[in-house]
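Colleague: After the structure tokens below, expect a handful of questions from me.
The values are calculated or read from the model by the stated rules, or taken from the named source; none is laboratory data. Computed from a predicted structure; not experimentally measured. Cβ placement follows ideal geometry from the backbone for every residue including glycine, while neighbour counts extend to all protein chains displayed.
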């Protein structure tokens, strides 16, 4: 499988050169998989090769402010939430940061202030990813794990689309991430490999390349 993915990566790289570094995406189309039932996929996993630096914003109370300032890229303390009334600022915040963590006891206020902006981008703090933390949490061990998270999701369509790296990565490293995701899914799907219809490798602006399976 790894060799086949590398072949697809080589073809995907042959597209038109862009003025920015393109992401490399893995797309997995599923078959005979009813996402309208209880088969929805929404799971965070840690890939063997980091896909790049991720930025974390902390939405916390006074209990975690000091820790968050040492471990996160941005901290918004609860008492500053009322200042976030600008739609533009909230939208920019949601776009700029990859992950958001929130202190559990102020989640209602987090949802009220930032919910509709983070929700649109699928970035509301998620307990499955360890992003909702108690006031006595040890952020120095939690934040690095969150930064390495990758979301596998098939909720509205029977397709999983996730970043496995960028053009700057070696094909071998990209293939490691792709194989890891595929094997993980095979063990999770009801019929394993039988539920996989098609595997595609694609750059941000490039043509999809089908992996022969």
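Colleague: Take the residues of the range 119-160 that are assigned to a strand (DSSP E or B) and within 10 Å of the chain's Cα centre (by Cα): which is surrounded by the fewest Cβ atoms within 10 Å (Cβ to Cβ)? Even if it seems obvious, please write down each step before you answer.
Modeller: Initial filter on the range 119-160 (assigned to a strand (DSSP E or B)): 132-133, 149-154, 159-160.
Applying the additional criterion that residues be within 10 Å of the chain's Cα centre (by Cα) yields 149-153.
Numbers: 149: 19, 150: 19, 151: 18, 152: 18, 153: 16.
Top of the filtered list is 153.
Colleague: So if I check each of 206, 115, which one is outside any strand (DSSP E or B) and at pLDDT below 95? First the steps, then the outcome.
Modeller: Working: 115 fails: at pLDDT below 95.
Every option except 206 fails the conditions.
Colleague: So, one more: Looking at (1) outside the structural domain of residue 46 (by TED's automatic domain parsing); (2) surrounded by 12 or more Cβ atoms within 10 Å (Cβ to Cβ); (3) part of a helix (DSSP H, G or I), which is the only condition residue 180 fails?
Modeller: (1)
Colleague: Ok, one more. Determine which member of the set 30, 9, 26 is within 17 Å of the chain's Cα centre (by Cα), over 30 Å from residue 136 (Cβ atoms) and surrounded by 12 or more Cβ atoms within 10 Å (Cβ to Cβ).
Modeller: Values: 30 fails: within 17 Å of the chain's Cα centre (by Cα); 9 fails: within 17 Å of the chain's Cα centre (by Cα).
Criteria check complete, one pass: 26.
Colleague: Also: Name the residue, out of 137, 154, that is assigned by TED's automatic domain parsing to the domain that holds residue 189 and either under 24 Å from residue 188 (Cβ atoms) or in contact (Cβ under 8 Å) with a residue 60 or more places away in the chain (or both). Walk me through it before giving the result.
Modeller: Values: 137 fails: assigned by TED's automatic domain parsing to the domain that holds residue 189.
Result of the check over 137, 154: 154.
Colleague: Does any residue of the range 81-95 turn out to be touching a residue at least 24 places away in the same chain (Cβ under 8 Å) and at positive phi?
Modeller: There is no residue in the range 81-95 that is touching a residue at least 24 places away in the same chain (Cβ under 8 Å) and at positive phi.
Colleague: Quick test of your reading of the structure: residue 107 fulfils all but one of (1) in a helix (DSSP H, G or I); (2) at pLDDT 95 or above; (3) under 21 Å from residue 70 (Cα atoms). Name the failing condition by number.
Modeller: (3)
Colleague: Having 1 or more residues that are in contact with a strand residue (DSSP E or B) (Cβ under 9 Å, 6 or more places away or on another chain) and within 22 Å of residue 183 (Cβ to Cβ) is the bar; report the helices (runs of 4 or more DSSP H) wholly within the range 1-103 that clear it. Don't jump to the end; show me each part of the working.
Modeller: On the way: elements: 2-12, 62-71, 87-96.
Where helices (runs of 4 or more DSSP H) fall fully within the range 1-103 and carry at least 1 residues being in contact with a strand residue (DSSP E or B) (Cβ under 9 Å, 6 or more places away or on another chain) and within 22 Å of residue 183 (Cβ to Cβ), they are 2-12.
Colleague: Just to be sure, is residue 85 in the same structural domain as residue 132 (by TED's automatic domain parsing) and surrounded by fewer than 17 Cβ atoms within 10 Å (Cβ to Cβ)?
Modeller: Yes.
Colleague: Residues in the range 184-204: is at least one outside the structural domain of residue 87 (by TED's automatic domain parsing), more than 27 Å from residue 31 (Cα to Cα), surrounded by 13 or more Cβ atoms within 10 Å (Cβ to Cβ) and touching a strand residue (DSSP E or B) at 6+ places or on another chain (Cβ under 9 Å)? Steps first, answer last, please.
Modeller: First, the residues of the range 184-204 that are outside the structural domain of residue 87 (by TED's automatic domain parsing): 184-204.
Next, only the ones that are more than 27 Å from residue 31 (Cα to Cα) stay: none.
Within the range 184-204, none of the residues are outside the structural domain of residue 87 (by TED's automatic domain parsing), more than 27 Å from residue 31 (Cα to Cα), surrounded by 13 or more Cβ atoms within 10 Å (Cβ to Cβ) and touching a strand residue (DSSP E or B) at 6+ places or on another chain (Cβ under 9 Å).
Colleague: Filter the range 41-59 for residues that are more than 18 Å from residue 164 (Cβ to Cβ) and surrounded by 15 or more Cβ atoms within 10 Å (Cβ to Cβ) and give the result. Show your work before the answer.
Modeller: So in the range 41-59, the residues more than 18 Å from residue 164 (Cβ to Cβ) come out as 42, 55-59.
Those that are more than 18 Å from residue 164 (Cβ to Cβ) and surrounded by 15 or more Cβ atoms within 10 Å (Cβ to Cβ): 56, 57, 58, 59.
Colleague: Quick one: which of 16, 11 is modelled with pLDDT of 90 or more and assigned by TED's automatic domain parsing to the domain that holds residue 161? Even if it seems obvious, please write down each step before you answer.
Modeller: On the way: 16 fails: modelled with pLDDT of 90 or more.
After applying the criteria, what remains is 11.
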